[in-house]
Amino acid sequence: MIESLLASALLLWTPLALAATGGLINRIGGIVNIGLEGHMLAGALAAALASGAASHWLAGVAAAAATGAGLGLLMSLPITRLGANPIVVGLGYNILIAGVAGYLLSKLFEVSGTLRVPGLDPLPRLDLPLVADVPVLGVLVSGKDPLFWLAVLLVPVVGLLLRHTRAGLRLRAAGAGARTARSLGLPATRIRDGSSLLAGLLAAVAGAQLSLGQVGLFHTEMVAGRGFIALAAFYFGRSRPWPTAAACLLFAGFDAGQARFQTGGGAAHLLQTLPYLVVAVVLAVTGIRESRRRTRRAG
Amino acid sequence: MSALLPGRLLPALAPILAALAVGALVLLATGDNPLTVYPLLLREAFGDLDRIAATLVATTPLLFTGLATAVTFRAGVFNVGAEGGFVLGGLATAVVGAHLTGLPGPLAILLALAAGTAAGTAAAAVPGWLRARWEVNEVVITLMVNFIALGLAGWLVTSFLQAEGVANSATPLVPPQAWLPVLLPPGLTVGVLIGLALLAGYAGWIRYSVPGYELRMTGHNPEFARAQGIRTGKVVLAAMLVSGAVAGLGGGVHTLGVVHRFVEGFSPGYGFTGIAVALLGRNGALGVTLGAVFFGAMSSAGATVQLFSDIPLDIVQVLTGAVMIFAVARWARSLDVTR
């Protein structure tokens with residue numbers, strides 16, 4: 001019982017962690033990415049189509065990554081070059097991508113909502129022979145898909161990159177203040193675009209995990225707010241990789257629990273709002289604290 | 001007349017043209033000719049009286065959510081929470097309306113709409129207070145409020161308010177005497193007049209009243225406003241409360257005019273389209289009205305075009321999203337970013 005709950009929580013953790021890590025990089029670069037939801041949807045569709053066409057899951061993941069990188073850059077340009085508000089651009093982008101996905105589905109494949117791709121190759125499950133039978137540990141590490149391991153690897157790697165490398169320092173400088181960064185000779189705008197590209201790429205790979213790793217088909221509603229949950233996670237984790245990954249695990253746990261203990265549906269609705277509530281409360285508390293500090297300094 | 005001068009018209013047209021170009025790309029990519037699709041959309045939106053009525057039906061909710069968003073943008077507050085207010089307003093109106101069976105129609109309508117307005121106001125109160133009193137950034141909080149409101153409404157309906165004998169989660173039907181009177185068949189109700197009256201009131205209020213002046217000054221330059229003795233915190237809170245009230249009333253009008261109950265999927269994103277409406281209309285009353293008609297026309301025309309040709313309705317979503325993206329582009333180099 002606990003083991004299967006844990007297993008499904010970890011399955012649900014992967015897309016959240018991938019998307020949230022992308023969003024975190026983007027936010028450190030100075031852009032709050034509201035478009036993660038759209039990136040995930042685009043990635044899920046690209047992955048399903050490419051995996052079916054090439055009959056190999058890797059082609060699907062690669063297609064998702066390329067699509068996400070391109071779209072991430074495209075979404076960034078109005079923000080960094082035309083001074084557009086990132087929140088509105090992100091909201092508009094989500095609507096736009098959902099529209100394009102629905103349009104393509106009914107126009108090219110003549111289906112609405114669900115697209116079953118013939119020959120779709122799902123993500124493989126990597127069974128670890130000896131550990132698989134160990135209680136708890138077996139569930140934690142055996143039978144996971146490659147993108148799970150990518151996400152697991154990504155958390156410490158991104159943490160190290162951000163803290164200890166030139167690239168991380170430049171990203172933080174570009175995010176902290178574009179003007180200052182530019183006066184230091186950093187191409188701040190290009191760095192920001194780069195962070196958006198990475199966010200798009202990772203969120204689209206997260207989408208690939210949904211279509212190839214969880215259900216084996218594409219559905220226009222399959223992202224179901226996960227992009228916003230990922231946003232909630234990196235806000236909750238205050239843009240630090242480890243706490244963000246932990247927040248993703250918390251939210252994935254809610255999700256798994258809600259699916260398991262569904263009683264009539266009422267409580268499930270409340271449980272679904274928890275991540276959003278948590279973020280609102282965290283933002284309110286930190287905002288009030290900052291405001292107090294400001295007035296104390298001024299007084 | 002000044003709204004028609006090229007200097008003001010062009011910035012409003014640019015996002016529409018850019019969005020039509022994006023839509024054209026999507027159409028061309030699948031072998032459709034935008035030069036035949038767009039005129040078809042236009043004809044389906046305004047071709048005859050029936051079509052105009054359908055367009056105005058689709059315009060009505062956007063008048064409210066567009067105005068709700070515009071009021072706060074005008075005060076310099078970035079409220080993206082109209083969707084939540086609309087949903088809670090719709091639910092409150094549906095519940096109260098369904099229980100006022102003994103009252104005469106007009107009174108029941110007034111009370112039900114008052115409940116919707118109150119619910120919308122409540123949804124905006126907390127983020128408004130946080131922003132006004134503590135200068136807490138409202139953007140992400142109001143975005144979250146939308147999801148919280150949706151979940152809350154879903155929980156209330158499935159746990160307590162579910163109509164008997166209905167498969168999906170829906171509240172009981174509001175009795176017909178509390179429905180809004182129909183102006184023009186098939187379904188255009190007086191709701192559209194309520195929305196237009198609010199917008200006219202907004203135009204006068206913002207231009208000629210002292211609070212309207214204070215609102216504009218607060219949005220334009222808060223420090224200067226404070227130096228003039230305007231209590232900007234109060235103005236911001238008032239703008240948020242008015243915004244919530246308008247969004248909630250919009251939900252109520254949608255309940256009593258169109259849906260007659262609250263169901264899952266009550267709002268197909270009217271609050272979010274309202275952001276596009278406000279941006280496109282540059283937060284002015286006339287602009288919001290035209291923006292709402294524009295999006296209303298697209299969605300009503302999109303629905304019929306889907307019926308009679310093989311152009312999917314989703315093209316409307318593509319255009320809506322693209323308008324939002326291009327409406328906030330300043331077409332000038334700038335780097336301030338909301339964090």
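Rundown of residues vs (1) at pLDDT below 95; (2) under 18 Å from residue A:87 (Cβ atoms), yes/no style:
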position: A:3; (1), (2): yes, no
position: A:22; (1), (2): no, yes
position: A:39; (1), (2): no, yes
position: A:54; (1), (2): no, no
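Checked against the criterion of being more than 12 Å from every other protein chain (Cβ to nearest Cβ), in a loop (DSSP other than H, G, I, E, B) and in contact (Cβ under 8 Å) with a residue 40 or more places away in the chain, the candidates B:87, B:77, B:71 yield just one match: B:77.
I'd like to know if the range B:249-257 contains one or more residues that are part of a loop (DSSP other than H, G, I, E, B) and on the phi < 0 side of the Ramachandran plot. Among the residues of the range B:249-257, not one is part of a loop (DSSP other than H, G, I, E, B) and on the phi < 0 side of the Ramachandran plot, which makes the answer no. Applying the condition of being free of Cβ contacts under 8 Å to residues at least 40 places away in the same chain and open to solvent by 10 Å² or more (accessible area, probe 1.4 Å) to the range B:309-324 and asking which residue is farthest from the chain's Cα centre (by Cα) yields B:310.
Of everything in the range B:63-90 that is open to solvent by less than 10 Å² (accessible area, probe 1.4 Å) and over 15 Å from the mean Cα position of the chain (by Cα), the residue that is farthest from residue B:212 (Cα to Cα) is B:77. For residue B:225, the conditions (1) within 20 Å of residue B:129 (Cα to Cα); (2) open to solvent by less than 10 Å² (accessible area, probe 1.4 Å); (3) under 16 Å from the mean Cα position of the chain (by Cα) all hold with the exception of (3).
One residue stands out in the range B:151-167 among those that are under 30 Å from residue B:76 (Cα atoms) and at the interface with chain A (Cβ under 7 Å from one of its Cβ atoms): the one that is most open to solvent (accessible area, probe 1.4 Å), namely B:152. Among the residues of the range A:68-75, some residue qualifies, meaning at least one is touching a Phe, Trp or Tyr at 6+ places or on another chain (Cβ under 6 Å) and closer than 16 Å to residue A:198 by Cα.
Taken over the range B:126-150, the criterion of being within 21 Å of the chain's Cα centre (by Cα), of a type outside the set (A, V, I, L, M, F, W, C) and open to solvent by 20 Å² or more (accessible area, probe 1.4 Å) is satisfied by no residue. Is it the case, given these coordinates, that residue B:60 is in contact (Cβ under 8 Å) with a residue 24 or more places away in the chain, within 17 Å of the chain's Cα centre (by Cα), within 14 Å of chain A (Cβ to nearest Cβ) and part of a helix (DSSP H, G or I)? Taking the combined requirement at face value, the residue does not satisfy it. Residue selection: residue B:110 satisfies the criterion of being more than 9 Å from every other protein chain (Cβ to nearest Cβ) and over 17 Å from residue B:235 (Cβ atoms). One residue alone among A:49, A:41, A:24 is surrounded by fewer than 24 Cβ atoms within 10 Å (Cβ to Cβ) and more than 8 Å from chain B (Cβ to nearest Cβ), and that residue is A:49. Taking the range B:26-40 as the range and being within 14 Å of another protein chain (Cβ to nearest Cβ), in a helix (DSSP H, G or I) and surrounded by 13 or more Cβ atoms within 10 Å (Cβ to Cβ) as the test, the residues that pass are B:26, B:27, B:29, B:34, B:37. Just one residue in the set A:5, A:71 is over 12 Å from the mean Cα position of the chain (by Cα), farther than 22 Å from residue A:173 by Cα and within 13 Å of another protein chain (Cβ to nearest Cβ); that residue is A:71. Could you pull out the residue among B:119, B:114, B:123, B:170 that is open to solvent by less than 40 Å² (accessible area, probe 1.4 Å) and more than 17 Å from the chain's Cα centre (by Cα)? Result: B:170 is the single residue among B:119, B:114, B:123, B:170 that is open to solvent by less than 40 Å² (accessible area, probe 1.4 Å) and more than 17 Å from the chain's Cα centre (by Cα). Going through B:271, B:250, B:284 one at a time, which residue ends up being under 30 Å from residue B:23 (Cα atoms) and open to solvent by 10 Å² or more (accessible area, probe 1.4 Å)? None of the others qualify; the one that does is B:284.
The criterion of being open to solvent by less than 10 Å² (accessible area, probe 1.4 Å) and either small (Gly, Ala, Ser) or in contact with a Pro (Cβ under 7 Å, 6 or more places away or on another chain) (or both) holds for residue B:108. Scanning the range A:95-118 for residues being at positive phi and open to solvent by 50 Å² or more (accessible area, probe 1.4 Å) gives a total of 1. Screening the range A:219-299 for helices (runs of 4 or more DSSP H) wholly inside it with 2 or more residues that are touching a Pro at 6+ places or on another chain (Cβ under 6 Å), buried (at least 17 other Cβ atoms within 10 Å of the Cβ) and within 13 Å of chain B (Cβ to nearest Cβ) returns the ranges A:226-236. Considering only the range B:4-13, I want to know if a residue exists there that is open to solvent by less than 20 Å² (accessible area, probe 1.4 Å) and over 27 Å from residue B:169 (Cβ atoms). No, that holds for no residue. Of everything in the range A:275-299 that's hydroxyl-bearing (Ser, Thr, Tyr) and out of contact with any helix residue (DSSP H, G or I) (no Cβ under 6 Å at 6 or more places or on another chain), which residue is modelled with the highest pLDDT? So the residue we want is A:286. Quick check on residue A:65: is it buried (at least 24 other Cβ atoms within 10 Å of the Cβ) and away from chain B (no Cβ under 14 Å)? Answer is no for this residue. Scan the range A:177-204 for residues that are among the small types (Gly, Ala, Ser), over 26 Å from the mean Cα position of the chain (by Cα) and either within 14 Å of another protein chain (Cβ to nearest Cβ) or not in a loop (DSSP other than H, G, I, E, B) (or both) and the total you get is 2.
Annotation: residue A:121 fulfils all but one of (1) within 14 Å of chain B (Cβ to nearest Cβ); (2) touching a Phe, Trp or Tyr at 6+ places or on another chain (Cβ under 8 Å); the unmet one is (1).
On the basis of being away from chain A (no Cβ under 14 Å), open to solvent by less than 20 Å² (accessible area, probe 1.4 Å), more than 17 Å from residue B:54 (Cβ to Cβ) and in contact (Cβ under 8 Å) with a residue 40 or more places away in the chain, does residue B:292 make the cut? Taking the combined requirement at face value, the residue does not satisfy it. Could you tell me whether residue A:88 is part of a helix (DSSP H, G or I), under 19 Å from residue B:273 (Cα atoms) and open to solvent by 10 Å² or more (accessible area, probe 1.4 Å)? The answer is no for residue A:88. Of the residues screened, residue A:153 is not one that is surrounded by 13 or more Cβ atoms within 10 Å (Cβ to Cβ) and on the phi < 0 side of the Ramachandran plot.
The values are calculated or read from the model by the stated rules, or taken from the named source; none is laboratory data. Keep in mind that what you see is a predicted model, and the values were worked out from it rather than measured. Note: ideal-geometry Cβ built from the backbone for every residue, glycine included; neighbour counts use all protein chains shown. Protein only, heavy atoms only, side chains kept; ligands, DNA and RNA dropped before computing areas. Shrake-Rupley method; radii C 1.70, N 1.55, O 1.52, S 1.80 Å.
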